Amino acid sequence: MSLWPFRPVGEVVEVLEWRTDVLRARAGEQRHRLRERPRRQWHFNHEFTAEEQSAARAIVRGASSFLVMDWVRVVYVGAVTAGSSVSLAMATAGYGLAAGQSVVLWNGMTDYEVCTVESVAPAALVLAFVATPRAATRIYRLDVAHLAVELSITRPTGPTQYASISFESPGVDVPAATAYAQYRGHDVLPMVPVAGGGLPESLNWPIEVFDNETGRVSTTRGRDLVDDKFMMRWLYRAAEDAEIQALRAWVASRCGRWLAFWESSWQKDLVAAADIGAAATVLRVFAPAGVSSLGRSTFDLEIVAGGNVWYRRVTAVSAGPAVGGRPTFDLTLDSALGVAVSTAAFGRISFLRCARFAADRIELLHRPGEGLSVAVPCIEVPVP
């Protein structure tokens, strides 16, 4: 097994890929995870000198499996002593490190050492053995991988050659998910998607059509829940390392299409029309312009006011009295807010969707010096 020691240039594409069997019925769906862990792919571009190109060809010829560095994140920077059971003081959460895994102490293409992780604690990483002490080094996590796409080399006129290669790791350890906020048995999405470039959404009823080609067309809904599909995008700058790693952990924690989560619309879908008392369970809101119905009698809300956030189930909707000449709806909440909130104090009342990823293959685009870009297709799912 050989280390692939060439630093990529330009953007790096990281792919996490699961397999999920989704069975959709009229009133619900069942999802079965077919892969316990995702497969990770790395897509690299390189610039080679003639000597480096020769070295790359030799590595590919001499090995069928490779150790591939997670170049997008440094695990540790500092001094490392030599010996057995070398302990490094560091916070280990979110790196996907585990006992038996390999890491590399990196000081350059001709100065590195591959080590085995002996144990991982919340505040310490212990290496089984280090042969050479280093006053300063960088440590990167390694994936055991095979070639997914061949080494492709272009040799234009001049000293620089260009190459591309892809690796696939069949069973990676992924960053451990943090304790996300929970609502009705599912995690709540903690990262606000960016609206730059637009957030496409579509809404459509799956229908069954009965048409004898001569008479009236008859249609019936195929499911009890509308197909609400949407795309979520995130873009983080390179300096926002903590946010980048939190997003990588979130994407990994969903296991492709398997795990559902709650997602807010992040906008003012409804506007409060009256104050609400601490023990009250009826929230009065203005009817959206031009509608006489919200299109549903039960749904979930995210209510933001005065620095507080509440998640509540609406169990009934009824027409309320006009306020200032505008029609209203009275929403019956499954429990009181516990705090009195005036009309002016409401910050945002947003619809909550229970959703899942609509794809088992998620691409994360890393741009050196720029940051991380991710786009994930999602779909609303029924709540048991």
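The values are calculated or read from the model by the stated rules, or taken from the named source; none is laboratory data. These numbers come from a predicted model, not from an experiment. Heads up, the Cβs are rebuilt from the backbone with ideal geometry, glycines too, and the neighbour counts pull from every protein chain shown. Areas reflect the complete protein model, heavy atoms only, side chains present, ligands, DNA and RNA absent. Shrake-Rupley method; radii C 1.70, N 1.55, O 1.52, S 1.80 Å.
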Checklist outcome for this item: Of the residues in the range 1-19, those that are assigned to a strand (DSSP E or B) and under 16 Å from the mean Cα position of the chain (by Cα) come to Val13, Glu14, Val15, Leu16, Glu17
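Yes/no per residue for (1) under 20 Å from Phe230 (Cα atoms); (2) open to solvent by 60 Å² or more (accessible area, probe 1.4 Å); (3) of a type in the set (Gly, Ala, Ser):
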site	(1), (2), (3)
Val309	no, yes, no
Arg312	no, no, no
Ala345	no, no, yes
Ser350	yes, no, yes
Glu370	no, yes, no
Checklist entry - Does Ser253 count as among the hydroxyl-bearing types (Ser, Thr, Tyr), touching a residue at least 40 places away in the same chain (Cβ under 8 Å) and either within 22 Å of Ser373 (Cβ to Cβ) or open to solvent by 10 Å² or more (accessible area, probe 1.4 Å) (or both)? => result yes
Item to check | Those residues of the range 280-292 which are over 16 Å from Thr343 (Cα atoms) and either modelled with pLDDT of 95 or more or open to solvent by less than 70 Å² (accessible area, probe 1.4 Å) (or both), in sequence order | outcome: Pro288, Val291
Next on the checklist: Suppose we filter the range 55-77 for residues that are open to solvent by less than 20 Å² (accessible area, probe 1.4 Å) and either over 16 Å from Ser102 (Cβ atoms) or out of contact with any Ser or Thr (no Cβ under 8 Å at 6 or more places or on another chain) (or both); how many remain?
Outcome noted: 4
Next on the checklist: Among the numbered criteria (1) within 21 Å of the chain's Cα centre (by Cα); (2) surrounded by 15 or more Cβ atoms within 10 Å (Cβ to Cβ), which one does Val317 miss?
Outcome noted: (1)
Checklist outcome for this item: If we keep only residues of the range 352-368 that are at pLDDT 95 or above and outside any strand (DSSP E or B), then the residue most open to solvent (accessible area, probe 1.4 Å) is Ala358
Item to check | Failed item, numbered, when Leu151 is tested on (1) within 25 Å of the chain's Cα centre (by Cα); (2) among the hydrophobic types (A, V, I, L, M, F, W, C); (3) surrounded by 15 or more Cβ atoms within 10 Å (Cβ to Cβ) | outcome: (1)
Item to check | Of all residues in the range 99-148 being within 27 Å of the chain's Cα centre (by Cα) and basic (Lys, Arg), the one that is most open to solvent (accessible area, probe 1.4 Å) | outcome: Arg138
